[in-house]
Amino acid sequence: MSTQVVILAAGMGSRLGRSLPKPLTELNDGRTIMQQQFENIHHAFGRDAKVTIVVGYKLEHIIEAFPNASYVYNEQYDQTNTSKSLLRALQSSKDGGVLWMNGDIVFDPAVLVRAAKMIDQDQSFVTVNTEKVSDEEVKYTTDAEGYIKELAKTVKNGLGEAIGINYISSRDKAALVRHLQRVGDQDYFERGIELAIEQNGMRVEPIDISDLYAVEVDFAEDLARANLFV
């Protein structure tokens, strides 16, 4: 079965100050952020990888740019956060695990090559960077066995940052869907993961990609940093 991949691209991305959806922001090499994501997906999983994009804000521009993708519409894109976009994507997915990423990440193609090994084992994971721990980013801690324990922006003494590329296994997907249904509209999807860990004993592996580049583009300075790598 081909790998199911979801790109979350419904948000307005207003902090970057662009008129188009943030994933369509052009990089120095002429590709858009989402184009480089597609190329990275194909590099790791081949051309038969099934990519579904969750759209909302100015969706017609993304659909025009990527006509061969599948689409899920978050009609409340201006009132909800990533928890509800991911919920819609998982509910529309086929049997099996799902890899998902935020639509504003510029990252090394090797990230998904490394992640593919865990996907082959159908092991839920969160990719992390242990080199920096910024207050405004999603941080994590681990339990005694090395699995994710806490995952939120409010985590104290975090071991590193989550970079926004994650996988939910076939056996864990139903539990995550239930918790994404329960969380608030403004919650990030990480809250659903935290609840599934707390209440269902879900085991989520941290995959360290600190030796590879991955930049979430929220502000102009993030875009400048991403352009140093491409």
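One residue stands out among those in the stretch 160-178 that are free of Cβ contacts under 8 Å to residues at least 40 places away in the same chain and not in a strand (DSSP E or B): the one that is surrounded by the most Cβ atoms within 10 Å (Cβ to Cβ), which is 175. Looking only at residues of the stretch 38-61 that are closer than 23 Å to residue 84 by Cβ and not β-branched (Val, Ile, Thr), we find that the one that is modelled with the lowest pLDDT is 50. Out of the stretch 1-45, which residues are assigned to a helix (DSSP H, G or I) and among the hydrophobic types (A, V, I, L, M, F, W, C)? Correct list: 16, 24, 33, 34, 38, 41, 44, 45.
Here's the yes/no breakdown for (1) of a type in the set (Phe, Trp, Tyr); (2) touching a Gly at 6+ places or on another chain (Cβ under 9 Å); (3) over 29 Å from residue 230 (Cα atoms):
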residue	(1), (2), (3)
103	no, yes, no
129	no, yes, no
143	no, no, yes
150	no, yes, yes
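Scanning the stretch 92-115 for residues that are out of contact with any Leu (no Cβ under 9 Å at 6 or more places or on another chain) and either part of a helix (DSSP H, G or I) or at pLDDT below 95 (or both) turns up 92, 113.
Count, please, the residues in the stretch 53-76 that happen to be surrounded by fewer than 20 Cβ atoms within 10 Å (Cβ to Cβ) and either on the phi > 0 side of the Ramachandran plot or not in a loop (DSSP other than H, G, I, E, B) (or both). Final tally of qualifying residues: 10. In the stretch 104-115, is there at least one residue being more than 15 Å from residue 208 (Cβ to Cβ), loosely packed, with under 15 Cβ neighbours inside 10 Å and over 15 Å from the mean Cα position of the chain (by Cα)? Checked the stretch 104-115: no residue is more than 15 Å from residue 208 (Cβ to Cβ), loosely packed, with under 15 Cβ neighbours inside 10 Å and over 15 Å from the mean Cα position of the chain (by Cα).
Within the stretch 123-159, being over 16 Å from the mean Cα position of the chain (by Cα), free of Cβ contacts under 8 Å to residues at least 40 places away in the same chain and assigned to a strand (DSSP E or B) holds for one residue alone: 141.
The values are calculated or read from the model by the stated rules, or taken from the named source; none is laboratory data. Since we're looking at a predicted model, the values are computed, not measured. All Cβ positions, glycine included, derive from the backbone under ideal geometry; neighbour counts span all protein chains shown.
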